[in-house]
Amino acid sequence: MTLDHRETEAPCTRPFLITFSGIDGAGKTTQIERVTSYLKNRGLRVLRLSFWDHVAVWSQMRTGVGDCAVEAGDAQISERSFTPKNNKHIRKWYLTAARSGFYVLDVARLRRILSRAKGFDVVIFDRYVYDQIANIYSQSFAARAYARILLYETPAPDLAFILDASPDAAFARKPEYPLEFMHRNRQRFLQLRELVPQFIVVPDAAVEEVWSEISFHLDQSRLAQRILKEETGVSAARRSSPVAEFL
């Protein structure tokens, strides 16, 4: 059984929402920069946000608690060479319980932020609620029920991308988290498709091929018509794809 997000506003009354999710090192930043540049060059007002930096409630405190859990619980982990940003790889029952509560607060703050972003045409998120859920998701009934509730309260993106990647290759590019965690995290992202059928999973590929896949979905979305109107004022039906021209 799947569960679609509840829409908080009609699509025409809020910015076009694009989200990028996936394991660390999958290439999200590269593609976000490309999409942002493309849209701004077409005259659209773009707001780019990082979920952890701009939405997550008390993010610094959450990082500190994770650091304490590492130091107190696993000296071997704390001695490794990587420097994780928020210790999401640490799996302890009390951290999972705390994260579950914080994620509810994150969603509430997300809704407030989006309600104040009406002056922008597009909002692009580097990570989204999906990445939070993937940190604690499992096939258990409780985890799936919690994920459904959280997703029900989360504003649904117009385009929700998951950039898939080989955990081994991603770890080589960005060794921030343990390799075993990255393999597990990737599987959880793919499992979330059961609950979020609108996910667009972009296969692991070269940068240009990934951009081609993303641009195809931009071209098929309602945003393409707005781009055409901003550029020339001519009906989209009389013009070729703006994304294709950009490639």
Exercise for the section: For ASP164, indicate whether it is among the acidic types (Asp, Glu) and buried (at least 16 other Cβ atoms within 10 Å of the Cβ). Expected result: yes
Problem - Count - residues of region 19-39 that are part of a helix (DSSP H, G or I), closer than 23 Å to PHE171 by Cβ and either among the hydrophobic types (A, V, I, L, M, F, W, C) or at pLDDT below 95 (or both) - result: 1
Handout entry: ARG148 of a type in the set (D, E, K, R) and closer than 29 Å to TYR38 by Cα
Key = no
Problem - region 139-157, residues that are in contact with a helix residue (DSSP H, G or I) (Cβ under 8 Å, 6 or more places away or on another chain), surrounded by fewer than 20 Cβ atoms within 10 Å (Cβ to Cβ) and assigned to a loop (DSSP other than H, G, I, E, B) - result: GLN139
Practice task
Give the residue that is nearest to ARG42 (Cα to Cα), with candidates limited to residues of region 107-137 that are part of a loop (DSSP other than H, G, I, E, B), among the basic types (Lys, Arg) and in contact (Cβ under 8 Å) with a residue 60 or more places away in the chain.
Solution key: LYS118
Handout entry: Single unsatisfied condition, ALA205 versus (1) closer than 11 Å to ASP164 by Cα; (2) among the hydrophobic types (A, V, I, L, M, F, W, C); (3) surrounded by 16 or more Cβ atoms within 10 Å (Cβ to Cβ)
Key = (3)
Problem - Tally, over region 40-53, of residues that are of a type in the set (D, E, K, R) and part of a loop (DSSP other than H, G, I, E, B) - result: 2
Exercise for the section: Can you confirm whether region 179-187 contains a residue that is among the polar types (S, T, N, Q) and assigned to a loop (DSSP other than H, G, I, E, B)? Expected result: no
Practice task
Inspect all residues belonging to region 85-106 and state whether any of them is in contact with a Pro (Cβ under 7 Å, 6 or more places away or on another chain), buried (at least 17 other Cβ atoms within 10 Å of the Cβ) and either modelled with pLDDT of 95 or more or not in a helix (DSSP H, G or I) (or both).
Solution key: yes
Problem - Criterion (surrounded by 18 or more Cβ atoms within 10 Å (Cβ to Cβ) and either at pLDDT below 80 or of a type outside the set (A, V, I, L, M) (or both)) met by exactly one of ARG42, ARG80, ARG6 - result: ARG42
Practice task
Restrict the check to region 126-137 and report whether at least one residue is modelled with pLDDT of 95 or more, more than 22 Å from LEU95 (Cα to Cα) and surrounded by 14 or more Cβ atoms within 10 Å (Cβ to Cβ).
Solution key: yes
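The values are calculated or read from the model by the stated rules, or taken from the named source; none is laboratory data. On a predicted model such as this, the values are computed, not experimentally measured, just so you know. Don't worry about glycine lacking a Cβ; one is built from the backbone with ideal geometry, like all the others, and counts go over all protein chains shown.
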